[in-house]
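The values are calculated or read from the model by the stated rules, or taken from the named source; none is laboratory data. Every value quoted in this text rests on a predicted model; they were computed, and no experiment measured them. Cβ placement follows ideal geometry from the backbone for every residue including glycine, while neighbour counts extend to all protein chains displayed. Each accessible area value is taken on the protein alone, full model and side chains, heavy atoms only, with ligands, DNA and RNA left out. Shrake-Rupley method; radii C 1.70, N 1.55, O 1.52, S 1.80 Å.
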2 protein chains.
Amino acid sequence: MYPELLAHIARYVALTPAEAQVVAEHFTQLAVPRKAYLLEPGQPCPANYFVLQGCLRLFFITEKGAEQTTQFALENWWLTDYSSLLSRQPSLFYIQAVEPTTVAVLDYARQEALLAQVPALERYFRQLLQRTAAASQTRWVYHYGQSLEERYRFFCTAFPGFVQRVPQYMLASYLGCTPEFLSKIRAKGSLGEAGRPPATGRRIS
Amino acid sequence: MYPELLAHIARYVALTPAEAQVVAEHFTQLAVPRKAYLLEPGQPCPANYFVLQGCLRLFFITEKGAEQTTQFALENWWLTDYSSLLSRQPSLFYIQAVEPTTVAVLDYARQEALLAQVPALERYFRQLLQRTAAASQTRWVYHYGQSLEERYRFFCTAFPGFVQRVPQYMLASYLGCTPEFLSKIRAKGSLGEAGRPPATGRRIS
């Protein structure tokens, strides 16, 4: 019955028990082994994924052949390739499990049927997507307005614990630097972590 | 009665004439002279803006004192600082008219009242925000996966005419280079614009 998903929806909109039942019936649960893919380039993105447990990442391969991670999704976060999901065109992205991950899957084909039956979810998704838009706008401020070291510090304070869950090369890619550079920053930081500002809890996307 | 706005909404959801009337009553129209501001840092973002005519940009000032443009909005696009709009915290951004601009203003305080009276707009905004999320994900692909020259070429083919409307220093800032570098790319491009791929019409945000 997806208690985590229903609790997340309940933060934004109130569903009747009957509506909650309809929601649950439109999802499937999927266990994804570490490093396995939910999406690979060349296929239309099949679904929107809600992370019940674990961690996903969205990445693409640059012309130089490097993996470029652009988003992570932890517990209670949604992840999809919206462009491919909406257009039904082949995706440019991979969605991969960073660690053993369990997701609630909302298939593209079932989304519209679900929204027609439970219109309150239009409000849920609208509010979620506003937060996504906010995070996206703020991310450019960090990207252009802060040094790599400041971005890394922000990450550590905003998402304590997360940095330990993700391989260093993925985090370096997301932050826009080499693993070697990140390693230097981490070594420096470990000598003086005390007195950091408190966590602010913004989204990593 | 905001015919452009109502036509835009009609692309996504069908409103009754009575609902369209309620929508129109919740907006105010504002003419913004070139270079004037709709938002300045330090104040909570007061509204969401729909461009009826003209062009807006969102930018912030970096620690080094430079203007960093992160979004543009042309006719039929919405622009706001979502983070500040939702949190009611002071904004980090400016919203400025790039040319004489007319906007339909949806005040923060009126948005919830409007959505309560016209729930179909939840679906309108949900779908719009999905497209915004798609554009945001794709933008990171261009940012990390393409050279500055490729980004500029994409811009010219996706938004023909737009490049002429925006001062070069703003466009350079948005693309992430200096005006001098953009100038060199433009000089090079003007010798061989023929044979470019056709426009794809993606959003600039």
**Study point:** the range A:1-106: GluC sites (Glu not before Pro) in DSSP coil with no more than 10 other Cβ atoms inside 10 Å
**Key:** A:E63
Practice item. Please list, in chain and number order, the residues 5+ apart from A:E75 or on another chain whose amide H is under 5 Å from its amide H, with Hs placed from the backbone. Key: A:G54
**Study point:** Spatially close lysines, pair count over the protein assembly as shown: Cα under 28 Å, gap of eight or more or interchain
**Key:** 10
Review point. Under a plain spin-label model, where a point goes 7 Å from the Cα along Cα-to-Cβ, how far apart in nm are B:F181 and A:I61?
Key: 2.7
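Just the number please: accessible area per residue for chain A, 1.4 Å probe, all protein chains included, in Å². Write out the running numbers ahead of the final one.
On the way: 9010 Å² over 205 residues.
Each residue of chain A exposes 44 Å² on average to a 1.4 Å probe.
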Study note, to complete from the structure: Phi angles of the range A:76-92, converted by Karplus (6.51 cos²θ - 1.76 cosθ + 1.60, θ = phi - 60°) into ³J(HN,Hα) in whole Hz with x for Gly and Pro, give 6, 10, 8, 8, 7, 9, 4, 4, 6, 4, 7, 8, 6, 8, x, 6, 9
Point to revise | chain B, relative contact order [Cα under 8 Å, separation at least 6], % | key: 24
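Given Cβ point charges of +1 (Lys, Arg) and -1 (Asp, Glu) and nothing else, what value in debye, to the nearest 20, does the dipole of the range B:1-115 about its Cα centre take?
On the way: 7 positive and 11 negative charges, 35 e Å.
Here the size comes out at about 160 debye.
Roughly how compact is the protein assembly as shown, stated as its Cα Rg over 2.2 N^0.38 Å to two decimals? Let's see the in-between values first.
Details: Rg = 21.7 Å, N = 410, 2.2 N^0.38 = 21.6 Å.
Dividing the Cα Rg of the protein assembly as shown by 2.2 N^0.38 Å gives 1.00.
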Practice item. Over the residues of the range B:20-74, compute the C-alpha Rg and express it relative to 2.2 N^0.38 Å. Key: 1.37
Practice item. For B:V32, list long-range residues whose amide hydrogen, built 1.01 Å from N in the peptide plane, is under 5 Å from its own amide hydrogen. Key: B:T101, B:T102, B:V103
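For the pairing of chain B with chain A, what total accessible surface becomes buried, with a 1.4 angstrom probe, in square angstrom to the nearest 100?
Numbers: alone 10840 and 10830 Å², together 18010 Å².
Protein heavy atoms only, the B-A interface buries about 3700 Å².
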Check your understanding: Each label point is 7 Å from the Cα along the Cα-to-Cβ direction; what then is the distance between the points at A:R88 and A:Y12, in nm?
Key -> 2.5
Revision key, fill the gap. In whole Hz, the Karplus estimates of ³J(HN,Hα) for the range A:35-45 (6.51, -1.76, 1.60; θ = phi - 60°; x where Gly or Pro) are 6, 6, 10, 8, 8, 10, x, x, 10, x, 4
**Study point:** Among B:F60, A:T28, A:S173 - extreme Cα towards positive end, dipole of the protein assembly as shown, charges at beta-carbon
**Key:** A:S173
Exercise for review: Quick one: grab Rg to one decimal and Dmax as a whole number for the range B:84-181, Cα atoms only, in Å.
Suggested key: 17.3, 51
**Study point:** Whole-Hz ³J(HN,Hα) from phi, Karplus 6.51 cos²θ - 1.76 cosθ + 1.60, for the range A:54-63, glycine and proline x
**Key:** x, 7, 10, 9, 10, 8, 9, 9, 6, 4
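Explain nothing, just the number: dipole magnitude of the range A:96-165 about its Cα centre with +1 on each Lys and Arg Cβ and -1 on each Asp and Glu Cβ, in debye rounded to the nearest 20. Mind showing how you got there, number by number?
Working: 8 positive and 6 negative charges, 34 e Å.
That gives the range A:96-165 a dipole magnitude of about 160 debye.
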Exercise for review: Please sort by residue number the trypsin sites (Lys or Arg not before Pro) in the range B:1-98 whose DSSP state is loop and whose Cβ has at most 12 other Cβ atoms within 10 Å.
Suggested key: B:R11, B:R34, B:K35, B:K64, B:R88
**Study point:** Distance histogram for the range B:1-131 (every C-alpha pair counted, 10 angstrom bins, percent rounded to whole numbers)
**Key:** 13, 43, 34, 9, 1, 0
Study note, to complete from the structure: Here the net charge surrounding B:E122, from other residues whose Cβ is less than 12 Å away from its Cβ (Lys, Arg +1; Asp, Glu -1), is +2
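Magnitude of the Cβ-charge dipole of the protein assembly as shown, K/R +1 and D/E -1, about the Cα centre, nearest 20 debye?
Details: 40 positive and 32 negative charges, 170 e Å.
Here the size comes out at about 820 debye.
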Check your understanding: Picking from A:Y82, A:Q127, A:L92, whose Cα lies most toward the positive end of the charge dipole for the range A:62-141 (charges on Cβ: Lys, Arg +1; Asp, Glu -1)?
Key -> A:Q127
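Leaving out ligands, DNA and RNA, what percent of the accessible area of the protein assembly as shown is carbon and sulfur, probe 1.4 Å?
Details: 10040 of 18010 Å².
Within the protein assembly as shown, the accessible surface is 56 percent carbon and sulfur.
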Revision key, fill the gap. In chain A, helical segments from DSSP H whose Cα atoms cover 20 Å or more along their own axis and that average at least -1.0 on the Kyte-Doolittle scale are A:120-145
Check your understanding: Considering amide H positions built from the backbone, and no H for Pro or chain starts, which residues 5 or more places from A:S91, or on another chain, come under 5 Å of its amide H?
Key -> A:G42, A:Q43, A:C45
